[in-house]
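The structure appears right after this line, and notes come after that.
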4 protein chains.
Amino acid sequence: MDYQAILNLIERELTPDIKLGKVASYIPQLAKVDPLKFGVYLYCHDSTSYQFGDSQEKFSIQSISKVFTLIIAKELLGKDLWKRVHVEPSGTAFNSLTELERDQGIPRNPFINAGSIVVADTLLSALDHPKEDLLKFVQKLCGDDSISYNEAVAASEKAHGYRNKALVNYMKALGNIDNDPDDVLNFYFYQCSIVMSCEQLSKTFMLLANEGRHYKTQEQVIDPQSVKRINSIMQTCGFYDEAGEFSYRVGLPGKSGVGGGIVAVHPKHYSVAVWSPMLNSKGNSALGMKALERLTTLTGLSIF
Amino acid sequence: MDYQAILNLIERELTPDIKLGKVASYIPQLAKVDPLKFGVYLYCHDSTSYQFGDSQEKFSIQSISKVFTLIIAKELLGKDLWKRVHVEPSGTAFNSLTELERDQGIPRNPFINAGSIVVADTLLSALDHPKEDLLKFVQKLCGDDSISYNEAVAASEKAHGYRNKALVNYMKALGNIDNDPDDVLNFYFYQCSIVMSCEQLSKTFMLLANEGRHYKTQEQVIDPQSVKRINSIMQTCGFYDEAGEFSYRVGLPGKSGVGGGIVAVHPKHYSVAVWSPMLNSKGNSALGMKALERLTTLTGLSIF
Amino acid sequence: MDYQAILNLIERELTPDIKLGKVASYIPQLAKVDPLKFGVYLYCHDSTSYQFGDSQEKFSIQSISKVFTLIIAKELLGKDLWKRVHVEPSGTAFNSLTELERDQGIPRNPFINAGSIVVADTLLSALDHPKEDLLKFVQKLCGDDSISYNEAVAASEKAHGYRNKALVNYMKALGNIDNDPDDVLNFYFYQCSIVMSCEQLSKTFMLLANEGRHYKTQEQVIDPQSVKRINSIMQTCGFYDEAGEFSYRVGLPGKSGVGGGIVAVHPKHYSVAVWSPMLNSKGNSALGMKALERLTTLTGLSIF
Amino acid sequence: MDYQAILNLIERELTPDIKLGKVASYIPQLAKVDPLKFGVYLYCHDSTSYQFGDSQEKFSIQSISKVFTLIIAKELLGKDLWKRVHVEPSGTAFNSLTELERDQGIPRNPFINAGSIVVADTLLSALDHPKEDLLKFVQKLCGDDSISYNEAVAASEKAHGYRNKALVNYMKALGNIDNDPDDVLNFYFYQCSIVMSCEQLSKTFMLLANEGRHYKTQEQVIDPQSVKRINSIMQTCGFYDEAGEFSYRVGLPGKSGVGGGIVAVHPKHYSVAVWSPMLNSKGNSALGMKALERLTTLTGLSIF
């Protein structure tokens, strides 16, 4: 498979559409990103890699971080985690309160905001130094100690995060938050503020394309059963209210963030990250969705 | 892979749990089935097959038929189909009216009742002899002309189908049903009444594990892109409000029916059908879910 | 109180606004009404009466009929009626299915469509000749045997009544309809097709402004406790999703219909009916709402 | 009308049922109230008054305070108030987030928590000393300078008020809160902590039974149109999800609080307050509801 030729074709095809969509603007730090950024990095099972564009520039990974905290929480809590968050796709927007009310404070899945806030709460209870431990975990998976939080983004999220504040207080009222709601949100906002490049993301996510082993050291970090579980949740819940659409068009498990990043994995084949800050109406990178659809179409490969 | 040994182990492990759950009882024809029936049939990409128990006894496939009508409608209408039904997982029960009201008559996906009724409506408009054509399509895929409707089941569904009647009339009111609502329901109830065995189902569904080719003749019936789409929808929407749970535990695209059947496919590997009439609280075969979870765990293989 | 002078003032003030709103158009029989019709008839406790405009022209009373069937059902069933329909205002549109699903088939109140369909079902079970009995009851209250159904309107409602068909079948599925759904709807559509003038309506509704006694014969038809109950339900539920707005602006119990009629009562003072076919966005007569608001403002009298 | 005899009869009839229901327990300060307290105070248009039991003991008025803030906000903002809160009855519980999400942050009415929080926000913007001004207003209406806040209750509400915190932050996210959410909640919790006796409440609420005039000085505090509006909102929205039931059984505008108080007015006749801390499942005083139903039944008088 000539992945580089395919990536080059995707770049040529899609670059003309780069202005479709809207950059996330709910906090100033995200609004000021250059909307014309576009990059892809694909890391293969055989350790080769392919890329184009801004694949090495760092951006705010936002909700992609929810996969990291989920992996850690699942390792720490095991099945007990599922008493506090379900694994069903949500029928509504990523920050909806209606389903949460109906389900009495148990979020539909760990990738909507409410669900990831519950996951953050479990880490706060289980870890001595949650902020440091999370960062170290990601750095280790990536083999890169330079990965860091963006303090300004975290602070800005906190200053504007009224809806997330509503979510965490609502779940606290219903008994599904153990720690102080403000502490939980602080950690959650830090988690979302991690900055990484496509290259870093694709390498890090190789964990889920490599049966739970580190892409470089081949250390077994999580077991293959856990990989199956995490990938399954990404497949059904990774794209807010557009999970079905992504699955339908791309056919790979993946996760997106409002910073314009999307990461997807093809187990035993590759891990790929794409970045383009312009979002579609559902909050997912418009060009990123297209790039990944073209990738699975042009390679003729998907999990299906 | 010694599939037969794995199946034998699953049979031994699960048979003691056979009485968990409840047989569907909303129509007398389903209620009188023997609750202790249990069978599996697995058909491999290399034309070998493995089985145990009641794998050759016919049962009411019910909602599994929704995959057949979807395949036909997708071939006939192409992208126009998605103007009338979405491909997003539903956050509520399979026969809910609430989401339908919120989404103004466009069902969330083709595997909830409302969505399949819309699909039935498109077939009524597009085919000269929908009932005959559907049956011929299934017979051809299976290579077995004996597959038939069960008139008594269809009649009983009709006599008790008040909720489906509500759904079709509601969508008619909102402009998403072209034909007479009663005609649409008649066809829909026939579709659900098809009787097939695990063996027949697994062979028929090989289409989706064999890149769109007939399991025996290798004729290309639908193109590989369509297979990717259909499998994706099964993955995210195939199990009512339990799609995420099934995906999480089993990790394969699949579809269940209230008759107790479940079919699942592992693309390029196998197609498998299981039958056990006792249902869990979500309306899916309790033993069937467990059998498939054990299958992907024991083989160590899933799409993830 | 010089009611006639007040009515004259209202006519002068409001006639310029007569073109605001839209005539109901979901069935042709209602769409073809003259939109410029405007009339008021006010019948006083002391048997005097006042009017202007088209106060003696008959129109389709539609949902105003729901008060008549409720009165009869309450007399026949007593408290048992409230096992099948609640008396709480609805938070959604008059024909919503969402609340009905949440409340498991028990309608919020007898004045939304679902509630009145349940009331119709009780009359079908309790009366030998429901159609004839209903008409006789209204004729007797009004002292006018000429009141009749409009067959064309009833037939047209039936031909277009998909949403009501959805409602009745849904409640049948949930066990809150005893009779055949089609029979219930037939009766319901007849009930809605009654034609009456403002004069006839105001006289008939004197029952609820005269402590349960006939306006002319002073016969005690229902007891004062029942009057309190019925008026209370009109106050909180009489105007679909605009009950609070009407109560706020007018301050009287009342009931509207999509034919453009509104009737309201001031207990121990008067009964008033207004007709103007142009509806506001909530489906209530735009001019009718204003006329009654002016009436209680100019008289300085309301129940509050 | 021998009101005292009627009150005596009510006391005799209902005292045996005094243990039905449950005292509010979501904050310790409310949980420790004596559940056997029971008192009524009725103040007549002719300045006579009648009472029994614990009618002069002070209790936490809680949501009854929402009427006071609404009156002030309506005077200060006029019609602009209705851009930020509707006057429609709510179809769900008093602290629901679902309707708020559907209506994009505009609460259904000023008597559900979300609505009263918006009202509190308007007072914070419009008044220099909201806490002092509110208290002075109530003291003046009652003619009693001893009325005060309960600091312990306010502090306890704040410590446990996660759900209200969710509500205010959610509305802030949707642009319907101008001030800092914590400041708004602080004021709101103070407002709810006012302690008053039945005697004080009934005298204060004479404003709404006396066409807007002070019960003692006869000063015109608000105009009669405003009285009509406020009473109308109490009628349709005063009892959470039980407004229809209260209206149906009692037939008077009123307002309840989780402290077990209920106040109701019969315009031009009387104002009445009842206190019994045991609540029914909807959060309204069980005995209070019964006492008022008996009152309007035994007097044969209601607004209907």
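Can you tell me which residue in the range D:15-40 is surrounded by the fewest Cβ atoms within 10 Å (Cβ to Cβ), limited to those that are touching a helix residue (DSSP H, G or I) at 6+ places or on another chain (Cβ under 7 Å) and closer than 19 Å to residue D:56 by Cα?
Only one residue tops the list, namely D:18.
I want to confirm something. Restricting to the range D:219-229 and keeping residues that are among the polar types (S, T, N, Q) and in contact with a Lys or Arg (Cβ under 8 Å, 6 or more places away or on another chain), which single residue is nearest to the other protein chains (Cβ to nearest Cβ)?
Ranking the qualifying residues of the range D:219-229, first place goes to D:226.
Out of all the residues in the range B:29-76, which are at pLDDT below 95 and of a type in the set (S, T, N, Q)?
B:29, the sole residue that qualifies.
Just one of the numbered conditions (1) touching a residue at least 24 places away in the same chain (Cβ under 8 Å); (2) crowded, with 18+ Cβ neighbours inside 10 Å is not true of residue D:131; which one?
(2)
Among residues belonging to the range A:276-293 that are more than 16 Å from the chain's Cα centre (by Cα) and surrounded by fewer than 24 Cβ atoms within 10 Å (Cβ to Cβ), point out the one that is nearest to the other protein chains (Cβ to nearest Cβ).
Out of the qualifying residues, it is A:293.
Run residue C:216 past the list (1) among the basic types (Lys, Arg); (2) more than 9 Å from chain D (Cβ to nearest Cβ); (3) out of contact with any Gly (no Cβ under 8 Å at 6 or more places or on another chain) and report the number of the one that doesn't hold.
(3)
Inspect the range B:262-275 for any residue being within 24 Å of residue B:107 (Cα to Cα), touching a Phe, Trp or Tyr at 6+ places or on another chain (Cβ under 9 Å), at the interface with another protein chain (Cβ under 10 Å from one of its Cβ atoms) and buried (at least 24 other Cβ atoms within 10 Å of the Cβ) and give the result as yes or no.
Taking every residue of the range B:262-275 in turn, none turns out to be within 24 Å of residue B:107 (Cα to Cα), touching a Phe, Trp or Tyr at 6+ places or on another chain (Cβ under 9 Å), at the interface with another protein chain (Cβ under 10 Å from one of its Cβ atoms) and buried (at least 24 other Cβ atoms within 10 Å of the Cβ).
Only residues that are outside any loop (DSSP other than H, G, I, E, B) and not polar (S, T, N, Q): list them for the range A:292-304, please.
The answer is A:292, A:293, A:294, A:295, A:298.
One line per residue, one yes/no per condition, for (1) part of a strand (DSSP E or B); (2) hydrophobic (A, V, I, L, M, F, W, C):
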site: B:6; (1), (2): no, yes
site: B:10; (1), (2): no, yes
site: B:15; (1), (2): no, no
site: B:25; (1), (2): no, no
site: B:36; (1), (2): no, yes
site: B:41; (1), (2): yes, no
site: B:46; (1), (2): no, no
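Is it the case that residue D:123 is within 27 Å of residue C:89 (Cα to Cα), in contact (Cβ under 8 Å) with a residue 12 or more places away in the chain and in contact with a Phe, Trp or Tyr (Cβ under 9 Å, 6 or more places away or on another chain)?
no
Take the range A:224-261 and flag every residue that is charged (D, E, K, R), over 12 Å from the mean Cα position of the chain (by Cα) and crowded, with 24+ Cβ neighbours inside 10 Å.
The answer is A:228, and nothing else.
Would you mind listing the helices (runs of 4 or more DSSP H) fully within the range B:125-205 where at least 2 residues are under 30 Å from residue B:270 (Cα atoms) and within 18 Å of the chain's Cα centre (by Cα)?
B:130-142, B:181-192, B:198-205
Could you please let me know if residue C:204 is hydroxyl-bearing (Ser, Thr, Tyr), in contact (Cβ under 8 Å) with a residue 24 or more places away in the chain and closer than 23 Å to residue D:224 by Cα?
No: the conditions fail for residue C:204.
Can you report the number of residues in the range A:107-124 which are within 23 Å of residue A:243 (Cα to Cα) and in a helix (DSSP H, G or I)? Write out each step before concluding.
Here is the first cut: in the range A:107-124, the ones within 23 Å of residue A:243 (Cα to Cα) are A:107-120.
Narrowing further to those that are in a helix (DSSP H, G or I): A:113-120.
Final tally of qualifying residues: 8.
Given C:193, C:232, which one is within 14 Å of chain D (Cβ to nearest Cβ) and either touching a Gly at 6+ places or on another chain (Cβ under 6 Å) or polar (S, T, N, Q) (or both)?
Details: C:193 fails: within 14 Å of chain D (Cβ to nearest Cβ).
Only one candidate qualifies: C:232.
Quick check on the range B:207-223: of everything there that is closer than 26 Å to residue B:108 by Cα and in contact with a His (Cβ under 9 Å, 6 or more places away or on another chain), which residue is surrounded by the most Cβ atoms within 10 Å (Cβ to Cβ)?
By that ranking, first place goes to B:209.
Consider residue D:104 against the criteria (1) within 14 Å of chain C (Cβ to nearest Cβ); (2) part of a loop (DSSP other than H, G, I, E, B); (3) touching a Leu at 6+ places or on another chain (Cβ under 7 Å): it satisfies all of them except one. Which criterion is unmet?
Only one criterion in (1) within 14 Å of chain C (Cβ to nearest Cβ); (2) part of a loop (DSSP other than H, G, I, E, B); (3) touching a Leu at 6+ places or on another chain (Cβ under 7 Å) is unmet by residue D:104, namely (1).
Output the residues belonging to the range A:226-259 that are modelled with pLDDT under 90, under 28 Å from residue A:27 (Cα atoms) and among the charged types (D, E, K, R).
A:241, A:242, A:245 - these are the residues of the range A:226-259 that are modelled with pLDDT under 90, under 28 Å from residue A:27 (Cα atoms) and among the charged types (D, E, K, R).
Being among the aliphatic types (A, V, I, L, M), modelled with pLDDT under 95 and within 19 Å of the chain's Cα centre (by Cα): is that true of residue B:20 here?
For residue B:20, the condition - among the aliphatic types (A, V, I, L, M), modelled with pLDDT under 95 and within 19 Å of the chain's Cα centre (by Cα) - is not met.
Only one of (1) within 12 Å of another protein chain (Cβ to nearest Cβ); (2) without any contact (Cβ under 8 Å) to a residue 40 or more places away in the chain is not met by residue D:158, so which one is it?
Failing condition for residue D:158: (1).
Is the range D:158-165 home to any residue that is under 30 Å from residue A:96 (Cβ atoms) and of a type in the set (Gly, Ala, Ser)? Step through it out loud before you land on a result.
First, pick out the residues of the range D:158-165 that are under 30 Å from residue A:96 (Cβ atoms): D:158-165.
Subset that is of a type in the set (Gly, Ala, Ser): D:159, D:161.
Checked the range D:158-165: at least one residue is under 30 Å from residue A:96 (Cβ atoms) and of a type in the set (Gly, Ala, Ser).
Could you please let me know if residue D:58 is closer than 14 Å to residue D:262 by Cα and surrounded by fewer than 24 Cβ atoms within 10 Å (Cβ to Cβ)?
Criteria met by residue D:58.
Just to be sure I understand the filter: pairs with C-beta atoms under 9 Å, separated by 6 or more residues or on different chains, first member in the range D:3-16 and over 17 Å from residue D:286 (Cβ atoms), second member of a type in the set (Ser, Thr, Tyr) and surrounded by fewer than 14 Cβ atoms within 10 Å (Cβ to Cβ). Which pairs pass?
D:3/D:48
Given the criteria hydrophobic (A, V, I, L, M, F, W, C) and touching a helix residue (DSSP H, G or I) at 6+ places or on another chain (Cβ under 6 Å), does residue C:237 qualify?
So residue C:237 fits the description; yes.
The values are calculated or read from the model by the stated rules, or taken from the named source; none is laboratory data. Treat the numbers as computed from the prediction; the structure is a model and nothing was measured. Neighbour counts are summed over all protein chains in view; Cβ atoms, including those assigned to glycine, are modelled from backbone coordinates with ideal geometry.
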